[in-house]
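Data first, discussion second: the structure below is written as structure tokens.
Every number in this text was worked out from the coordinates using simple rules, so none of it is lab data. Every value quoted in this text rests on a predicted model; they were computed, and no experiment measured them. Counting neighbours? That spans all protein chains shown, and the Cβs are built from the backbone with ideal geometry, glycine included.
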Ligand SMILES: Cc1cc2nc3c(=O)[nH]c(=O)nc-3n(C[C@H](O)[C@H](O)[C@H](O)COP(=O)(O)OP(=O)(O)OC[C@H]3O[C@@H](n4cnc5c(N)ncnc54)[C@H](O)[C@@H]3O)c2cc1C
């Protein structure tokens, strides 16, 4: 883990959807450490610094997948291959990627597919992996083709029915559980979606890990900005990934979070 930004050159930028781009850069695993799926990086564009999940882990190469939603992310979207960014990390506990010969379901909503892509690709080497990739509409679906090439059975799911299953990820999961079951689940997406998924998986006794986001500043566990009620767990250190038994103890889960000033919203 590095705590000061390493300046890297962007090798390749892939326009995934009208609002989402993937940025690839070299990362020397021997010198800088090899991250696990579910860990995140602090990305610095020399103006501001924000957390981004690792979406791809290849030989000495990492990628982040960024949705353009505000000032920082729109600045990232203006970058071109050859431009420089600062990267520190990787941080966080990450997903458990030690499973073998299990039936795994991984569920991602919107850009929540970023860490789901990393864990599903990794686990597909030694497990039977299915992914629900959910988005509002066809154009916003992520990683369908690349996951299928990695041997993952992908269930695309759109709110408007423009591609794949018509409905929410929760409805798609309920349908799958009518004829299948799974040993373990991995989930990332809007918290309201994760809450619905959590309830379905709990009622089917399927354990899982959930990746949460909170406003983050230091990412080192010092500033306390990303603590969650009522246990005070820091998303940057004890998280961002929490097992189902811990999710139950996060009383603010899918209810509220805090802005940069610590005010609840
Ligand atoms: C562990 C973690 C992993 C993340 N992974 C991804 C990812 O893979 N892809 C992706 O597109 N986004 C990811 N995010 C969210 C991303 O950091 C924010 O969307 C981004 O910082 C928004 O910045 P902005 O200036 O463009 O938008 P703003 O207009 O500043 O903010 C829009 C919203 O983004 C969130 N946000 C803003 N600043 C921060 C911050 N410093 N820390 C956390 N959330 C913030 C807040 O909910 C805010 O309301 C992740 C966040 C966390 C905590």
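Centre-to-centre, using Cα atoms only, region 110-185 and region 203-225 are separated by 21 Å.
Would you list 39, 80, 248 from fewest to most Cβ contacts within 10 Å?
On the way: 39 25, 80 7, 248 12.
So the ranking, lowest neighbour count to highest, is 80, 248, 39.
Dividing the summed helix terms, -39500 (n - 2.57) for each DSSP H run of n ≥ 4, by the number of residues in the chain produces a 222 nm estimate of -5500 deg cm²/dmol to the nearest 500. Across region 187-265, Cα pairs under 8 Å and at least six residues apart give a relative contact order of 30 percent. Calculated FRET efficiency, residue 47 to residue 174, Cβ-Cβ distance, R0 = 35 Å: about 0.20 to the nearest 0.05. Annotation: extensible slack from residue 259 through residue 231 equals 8.2 nm (criterion: 0.36 nm per residue apart, minus Cα-Cα distance).
Modelled label positions at residue 71 and residue 195, each set 7 Å beyond Cα in the direction of Cβ, lie 3.0 nm from each other.
Figure legend: label point modelled 7 angstrom from the Cα of residue 183 along Cα→Cβ; residues of region 114-153 with amide N under 14 Å from it are 123-130. When the chain is treated as a GNM with alpha-carbon contacts under 10 Å, the residue of 185, 81, 156 showing the greatest mean-square fluctuation is 81.
Arranged from fewest to most other beta-carbon atoms within 10 Å of their beta carbon, 44, 27 become 44, 27. For region 159-255, the direction-averaged projected area of the alpha-carbon convex hull comes to 7.1 nm².
Can you say what percent of the DSSP beta bridges in the chain, counting only those with both residues inside, are antiparallel? Round to 5. Given both bridge residues lie in the chain, the antiparallel proportion sits at roughly 60 percent.
At 0.36 nm per residue, minus the direct Cα-Cα distance, what do residue 137 and residue 205 gain on full extension? Give it in nm, one decimal, please.
Net length gain for the segment: 21.4 nm.
What is region 1-136 by shape, rounded, prolate or oblate, if you read a ≥ b ≥ c off the alpha carbon gyration tensor as root eigenvalues and call it rounded for a/c under 1.5, prolate for a/b larger than b/c, and oblate otherwise? The shape class here is oblate.
Legend: ranking of residues 236, 223 from fewest to most surrounding C-beta atoms inside 10 Å; resulting order 223, 236. If you average 1/r over every pair of different alpha-carbon atoms in region 103-211 and take one over that average, what Kirkwood value in Å do you get? Evaluated on region 103-211, it is 13.3 Å. For the chain, the percent of C-alpha pairs falling in each 5 Å distance bin, counted from 0 to the bin holding the largest distance, reads 1, 6, 13, 18, 20, 18, 14, 8, 2, 0, 0.
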